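In what follows, a single structure is set out as structure tokens and then discussed.
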Amino acid sequence: MAKVEYWENGSGRSPVLDFICDQKREPEVQDRLLRQIDKLEGFGINVINRKELSSMGNGLFEIKIIFKNSYYRIFFGLKKGIIWLLHGIKKKSNKTPKRDLDLARKRLSDI
């Protein structure tokens, strides 16, 4: 069993939890994201289908879900033996914006 933690900002809020809650109009997206997080917690990164997981380099990964022509991503990193859920985005193209990658990398380095 892997330990999964949600990164929190200085106010104690988790951007990933906020992102998942913001998808309330698409309950299937919420369900799929939460199932992937459950898989991470139960079995680690090796159990997730490679179509739904990518390494972004330097210990940063993304969970990928496509639903109704939108791309949903949750960025996470491995640090101190813990899987840290760092950032979530919804986008219309498959390309990941650099600013989102930089933000996830910064959050990982701050741990």
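The values are calculated or read from the model by the stated rules, or taken from the named source; none is laboratory data. Everything numeric here is computed off the predicted structure, so don't read it as measured data. All Cβ positions, glycine included, derive from the backbone under ideal geometry; neighbour counts span all protein chains shown.
Residues in the stretch 39-50 that are at pLDDT below 85, among the hydrophobic types (A, V, I, L, M, F, W, C) and under 14 Å from Ile82 (Cα atoms): 2 in all.
Where strands (runs of 3 or more DSSP E) sit wholly within the stretch 8-111, those with at least 2 residues that are among the hydroxyl-bearing types (Ser, Thr, Tyr) and either surrounded by fewer than 18 Cβ atoms within 10 Å (Cβ to Cβ) or under 14 Å from the mean Cα position of the chain (by Cα) (or both) occupy 53-57, 70-79.
Can Leu53 be described as modelled with pLDDT of 90 or more and in contact with a strand residue (DSSP E or B) (Cβ under 8 Å, 6 or more places away or on another chain)? When the stated conditions are applied, Leu53 does not pass them.
The one condition from (1) farther than 16 Å from Phe19 by Cβ; (2) touching a Gly at 6+ places or on another chain (Cβ under 9 Å); (3) small (Gly, Ala, Ser) that Ala104 does not meet is (1).
Here Phe61 meets each of (1) over 17 Å from Arg32 (Cβ atoms); (2) touching a Ser or Thr at 6+ places or on another chain (Cβ under 7 Å); (3) among the aromatic types (Phe, Trp, Tyr) with one exception, condition (1). Looking only at the stretch 68-111, count every residue that is of a type in the set (Lys, Arg) and in contact (Cβ under 8 Å) with a residue 60 or more places away in the chain and tell me the total. Looking only at that region, the number is 2.
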